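Trainee: Take this structure, written in structure tokens, and hold onto it; I'll ask about it next.
The values are calculated or read from the model by the stated rules, or taken from the named source; none is laboratory data. It should be emphasised that the depicted structure is a prediction, and the values quoted were computed from it without experimental measurement. Quick reminder, even Gly has a Cβ in these numbers, built from the backbone with ideal geometry, and neighbours come from all protein chains shown. Areas reflect the complete protein model, heavy atoms only, side chains present, ligands, DNA and RNA absent. Shrake-Rupley method; radii C 1.70, N 1.55, O 1.52, S 1.80 Å.
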Amino acid sequence: MNSVILSKTYNAPPFCEKEILRYAGCKEANSEIAALVKSCINEIKDKLTYKVCYRQFWVKICDDTCDFDSFTLQSKNLALNLKDCESGIFFAATVGVEIDRLIAKYGRFSPSKALIFQAIGAERIEALCDTFCVDISKEHNAGTRPRFSPGYGDLPLIAQKDIFAVLSPEKHIGLSL
């Protein structure tokens, strides 16, 4: 399998205001909230970077153990998700640090803006991950399974350390734990 860590930079996927509102916990947006969302999008849209690093691994499943040669992960849910797969692609993605800076800045004096920036960050990273998965599916001429991440189901967050160890996202895309 590919022992090389690859990286890609993407153009901004289209913003989905409906998803931003969902992440912000808004069922409906009045004109004031809609204007706030548009204002926040305009403030951040040119400050985001869309980067992914990834690596493909062979996988062997035995009960609830997923063996990726370089490391193993214990997860019944992940094993079920990868059932009948020969390989898997691990990836890390980032939209950059600017969104975090704006969340921190507005968290001090405009909690509503901070909330919207948090929701935009969630929508942006999901849009980037969706774009990457479509790209990989086309590149490999194969379907992809649903994304699975540490913290999903029974895969503990501590598994991030193993994934970061094999991807080195700090070096490739500036992402750290």
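Trainee: So which residues in the range 127-163 are assigned to a helix (DSSP H, G or I) and open to solvent by less than 60 Å² (accessible area, probe 1.4 Å)?
Mentor: Ala127, Leu128, Cys129, Thr131, Phe132, Cys133, Asp135, Ile136, Ser137, Ala159, Ile163
Trainee: Related question: Six or more apart or on different chains, Cβ atoms under 8 Å: show the pairs whose first residue is in the range 82-100 and more than 24 Å from Val4 (Cβ to Cβ) and open to solvent by 30 Å² or more (accessible area, probe 1.4 Å) and whose second is among the hydrophobic types (A, V, I, L, M, F, W, C) and part of a strand (DSSP E or B).
Mentor: If the second residue must be among the hydrophobic types (A, V, I, L, M, F, W, C) and part of a strand (DSSP E or B), the pairs left are Lys83/Ile61.
Trainee: Follow-up. Any residue in the range 145-156 that is within 13 Å of Gln74 (Cα to Cα) sitting within a Cβ distance under 6 Å of a residue that is in a loop (DSSP other than H, G, I, E, B) and open to solvent by less than 60 Å² (accessible area, probe 1.4 Å)? List the pairs, counting only those 6 or more apart or interchain.
Mentor: Asp154/Ser75; Leu155/Ser75
Trainee: Looking only at the range 85-99, filter to residues that are among the hydrophobic types (A, V, I, L, M, F, W, C) and farther than 14 Å from Arg147 by Cα; which one of those is nearest to the chain's Cα centre (by Cα)?
Mentor: Residues of the range 85-99 among the hydrophobic types (A, V, I, L, M, F, W, C): 85, 89-93, 95, 97, 99.
With the extra rule that they be farther than 14 Å from Arg147 by Cα, the set shrinks to 95, 97, 99.
Numbers: Val95: 9, Val97: 14, Ile99: 14 Å.
Step by step, filter the range 85-99, then rank; the result is Val95.
Trainee: Here are some conditions: (1) over 15 Å from the mean Cα position of the chain (by Cα); (2) touching a residue at least 60 places away in the same chain (Cβ under 8 Å). His140 meets all but one. Which one does it not meet?
Mentor: Answer for His140: the failing condition is (2).
Trainee: Another question about this same structure. Suppose we keep only residues that are assigned to a loop (DSSP other than H, G, I, E, B) and open to solvent by 60 Å² or more (accessible area, probe 1.4 Å) within the range 16-28. Which one would you say is nearest to Pro111 (Cα to Cα)?
Mentor: Only one residue fits best here, namely Gly25.
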